[in-house]
Amino acid sequence: MTLLSLPAQSFYPVGMPEPIHERAYLHIGGIDQWVQIMGADRRNPVLLIIHGGPGSTWDPFTDLFSDWEQHFTMVYWDQRGAGKTYHKTGDAIAETMTIDRMRDDGIELAEYLQQHLGGRPIVVVGHSWGSLLGIMMVQKRPDLFAAYVGTGQVVNMVETERAGLRETLRRAQAAGRTDAVQSLQGLGEPPYDDIQKMVKEREWAGIFNTPSDAAFDKSWRNPDWFTKADSDERFKAWLFSNYIMYGQKRQNGPIMAVDLTQMAMEFRIPMIFIQGENDHITPASLVSEYERRITAPRKALVLLPGGGHNAVFAMKDAFLTVLRQQTKQL
């Protein structure tokens with residue numbers, strides 16, 4: 001990896017905190033990719049955030065997690081095809097947007113972090129789509145990582161999509177929304193033959209969202225420094241990534257072939273799942289069965305009562321408490 005523009009390390013008296021706040025493009029996998037490293041003390045364990053989406057970067061949320069920086073060095077990475085990384089490359093990298101290539105991008109970044117941060121333990125936190133990528137990273141190179149934490153964990157994409165549809169339909173029926181029920185029943189069963197059916201399902205899922213996620217969505221405002229141009233560009237990258245990974249016309253992209261029960265069942269590091277109990281996008285029942293079946297030196301599933309798919313945002317304090325408890329031995 002080529003380091004482009006991170007500042008030189010400062011020196012602090014022995015025993016004093018060593019804050020770190022770095023933002024730069026790093027040359028990863030043959031292209032420039034955007035990375036932010038933030039923490040109150042660079043000697044803390046590292047949290048490598050693998051964002052969801054695909055394309056849903058955490059740029060607008062870094063302020064939200066500023067208190068986590070007291071306990072962890074936070075690493076935010078705009079994946080290939082996402083956010084500021086997409087700003088550098090545009091559509092030119094479309095043919096390189098494969099799951100294996102993006103897995104290897106994450107591994108390359110972790111190799112750099114091991115060197116740059118003095119060998120501090122690296123905990124991978126994978127959210128939603130990022131949980132697929134994170135699982136594949138830690139399985140291929142367990143020597144680089146101290147633990148894996150999955151949230152909004154995807155296991156089998158087809159089964160996840162079908163379970164999510166069933167739960168949204170159940171919520172629509174419970175709410176007495178016959179219009180929603182008819183619309184959802186008319187979609188058929190995933191994988192869809194038209195990607196717009198997935199878009200319509202996601203619209204209904206948003207309407208019948210878990211209350212904690214819905215409250216967060218209603219209250220959240222992007223910080224002032226995250227401009228409309230930033231937001232528009234992030235959305236453009238999100239569309240680009242989703243069309244490639246899910247399929248532009250039909251739901252037949254590479255993400256739909258993923259089934260971790262056939263690909264990733266044995267691990268050499270602790271595997272931790274912190275899941276919203278009421279997640280209706282990646283239901284906890286599927287995660288629970290996966291956690292039960294995998295082998296690892298240590299494994300745990302913690303359900304956050306009232307939490308949804310975005311519990312890591314909507315319930316960040318409760319999430320941090322569990323995260324610190326589960327990683328305190330690192």
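The values are calculated or read from the model by the stated rules, or taken from the named source; none is laboratory data. What you are looking at is a predicted structure, and each value in this text was computed from that prediction instead of being measured. Don't worry about glycine lacking a Cβ; one is built from the backbone with ideal geometry, like all the others, and counts go over all protein chains shown.
Descriptive notes on the structure:
- For A300, the requirement of being at pLDDT 95 or above and assigned by TED's automatic domain parsing to the domain that holds I135 is met.
- Among the residues here, I274 qualifies as in contact (Cβ under 8 Å) with a residue 12 or more places away in the chain and in a strand (DSSP E or B).
- Residues being out of contact with any Lys or Arg (no Cβ under 7 Å at 6 or more places or on another chain), aliphatic (A, V, I, L, M), free of Cβ contacts under 8 Å to residues at least 60 places away in the same chain and surrounded by fewer than 22 Cβ atoms within 10 Å (Cβ to Cβ) are entirely absent from the range 249-261.
- Scanning the range 290-320 for residues that are assigned to a helix (DSSP H, G or I) and surrounded by 13 or more Cβ atoms within 10 Å (Cβ to Cβ) yields Y290, E291, A311, V312, F313, A314, K316, A318, F319, L320.
- Looking only at the range 250-260, residues that are under 19 Å from the mean Cα position of the chain (by Cα), of a type outside the set (A, V, I, L, M, F, W, C) and either over 19 Å from K140 (Cβ atoms) or assigned to a helix (DSSP H, G or I) (or both) come to 2 in all.
- Qualifying residue in the range 229-249 (condition: assigned to a loop (DSSP other than H, G, I, E, B), of a type in the set (V, I, T), more than 20 Å from E189 (Cβ to Cβ) and modelled with pLDDT of 90 or more): no
- One residue stands out among those in the range 271-293 that are aliphatic (A, V, I, L, M) and at pLDDT 95 or above: the one that is farthest from R170 (Cα to Cα), which is M271.
- Within the range 85-138, being of a type in the set (S, T, N, Q) and either part of a strand (DSSP E or B) or within 24 Å of V287 (Cβ to Cβ) (or both) holds for S128, S131.
- Search result, residues across the range 71-109 that are crowded, with 22+ Cβ neighbours inside 10 Å and of a type in the set (G, A, S): G81, A82, G83, G106
- Filtered residue count, the range 206-220, keeping only those that are assigned to a loop (DSSP other than H, G, I, E, B) and either in contact with a Gly (Cβ under 9 Å, 6 or more places away or on another chain) or closer than 23 Å to L184 by Cβ (or both): 3
- Being basic (K, R) and in contact with a helix residue (DSSP H, G or I) (Cβ under 9 Å, 6 or more places away or on another chain) is a property that does not hold for K328.
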